[in-house]
1. Beyond 18 Å, how much of the Cα-Cα pair distribution for the stretch 1-145 remains, as a whole percent?
2. Tell me which residues come under 5 Å, amide H to amide H, from Asn417 once H is placed; ignore anything under 5 positions away on its chain.
3. Can you tell me the Rg and the Dmax, both Å, for the Cα atoms in the stretch 29-106?
4. Could you work out what % of the accessible surface of the chain is carbon and sulfur, using a 1.4 angstrom probe and leaving DNA, RNA and ligands out of the count?
5. Taking the Cα centre of the chain as origin, sum charge times position over the Cβ atoms of Lys and Arg (+1) and Asp and Glu (-1), and report the length of that vector in debye to the nearest 20.
6. Report the gain in length on full extension from Arg264 to Asp22: 0.36 nm times residue separation, minus Cα-Cα distance, nm rounded to one decimal.
7. Quick test of the membrane-span-like rule: which DSSP H helices of the chain reach at least 20 Å along their long axis (C-alpha atoms) with mean Kyte hydropathy at least -1.0?
8. Rounded to a whole number, what is D in µm²/s for the chain from Stokes-Einstein with the Kirkwood radius over alpha-carbon pairs (37 °C, 0.692 mPa s)?
Amino acid sequence: LSALDEHALKELIADELGAVRDRSLGLTTGVLDGAELTAQVSPLMSPLVWDLAHVGNYEELWLLRAAAGIDPMRPEIDTLYDAFEHPRAERPSLPLLPPEEARAYISTVRAKVLDSLGRVRFDPREPLTAGGFVYGMVVQHEHQHDETMLATHQLRRGAPALLDPPGGAGERRAPAAGEVLVEAGPFVMGASDDPWAYDNERPGHVVDLPAYHIDTEPVTNAAYLAFMEDGGYDRPDWWTPAGWEWRDSSGKRAPAFWSREGTRWVRRRFGRVEDVPPDEAVQHVCWYEADAYARWAGKRLPTEAEWEKAAAWGPGADRARRYPWGDEYAEGRANLGQRLLRPSSAGAFPDGESAYGVRRLVGDVWEWTATDFHGYPGFRSFPYKEYSEVFFGPDYKVLRGGSWATHPLAARNTFRNWDHPIRRQIFAGFRCARDAA
Ligand code: AVJ
Ligand code: FE
């Protein structure tokens, strides 16, 4: 990105805006009828028609009003699509634009954005547009909502609406050895010169870590099942007090969407019921479950610094990589971008391993870390506090790496996601770490 001149960058932006819109429409249009788009499948989620108009309204605010100085198109609807004015549970009772109107609104916004793109100057002294930042922010935002819409699809009941894409995971080799040692020493955490990095990834700063071991692959369903069968949910010593309380009050004893059929474990995935695949990365577990598993295994969750060093650094490295395998995104190195509708299995994507030999860090499942969500030293909110700053504190745990549903533009070694430790609807799993003796 940094290497592109303004003209080439604008062509890339126009292409990426088109690609993300195709994706959003593919999750909403022609796959579900108007009633289903307007319905709420869970109080945790918005009606899909809210997400659809919200991405267009966000685009209007940032690309038409802020970047291009164009007057509001429909200021009266701003309040409906402001995520802070209306929590998700309230959204179905708002006078939302019906599906046809929502599509018309977002496509009008888009036409005006493409029309004004050529006139907006990417002034290096103007942080909003430097390097095309605000356009990158809007593209990433829509991809993030597409992932949220996939979580809504997964929660929904009824006949399957989404098809598994053709192609599959590609080559699978023997899983890498159980864990690797990451030697003690400093690395550069976060981003300083990535023009599309979010505020919470900045600034890049040196972090010095003691040596640790980290799992080479995410924890599989088979391994998680071994924890369950060993009384994982019945022994308080493996759980934190808050985790044990969650286990009591929720009554959960298996990952979300799993159920027992005779002697087999099956799972519901986008409306289809199938055997739980043993080698696939476990997903739909909350932080408390991941943390209890790690203690059962004699390990712990990695801190987010440990996760990022394992992904971005390497023996003898003097700079961080953008992805585990190198600086450029390359198709086939990771299970990203909805190329599958599920995580891959241990041994898949061997060419995506990091310099330390750690696999499937990016893609497959978001990985819970031990770390609460906070700003890095020298953090400055940009361009608005409600993207990340208002979430800093002990209520949210950081997740890293992106899932199979995350687009490559919103998945990089420095990218940070966060959620409450009880949440299971996101595509999250984990891997373990331990101190080196
Ligand atoms: C970064 C995934 C926690 O969905 O709440 C979307 C992303 N921010 N719109 C969220 C986001 C504003 C955010 N997460
Ligand atoms: Fe949003």
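The values are calculated or read from the model by the stated rules, or taken from the named source; none is laboratory data. Just so it is clear, the structure is predicted and the values come from calculations on it, not from any experiment. Using ideal geometry, Cβ is built from the backbone for each residue, glycine included, and neighbour counts are taken over all protein chains shown. Note: accessible area is taken over every heavy atom of the protein model, side chains too, but ligands, DNA and RNA are not part of it. Shrake-Rupley method; radii C 1.70, N 1.55, O 1.52, S 1.80 Å.
1. 56 percent
2. Leu399
3. Taking only Cα atoms of the stretch 29-106, I get Rg and Dmax of 12.7, 38 Å.
4. Values: 9330 of 17480 Å².
Carbon and sulfur atoms account for 53 percent of the accessible area of the chain.
5. Working: 50 positive and 66 negative charges, 156 e Å.
I would put it at about 740 debye.
6. Details: separation 242, 0.36 × 242 = 87.12 nm, distance 3.82 nm.
My answer for the length gained is 83.3 nm.
7. What comes out of the filter, once short or polar helices are dropped, is 6-26, 99-117, 133-155.
8. Taking Rh from Cα pairs, D becomes 146 µm²/s.
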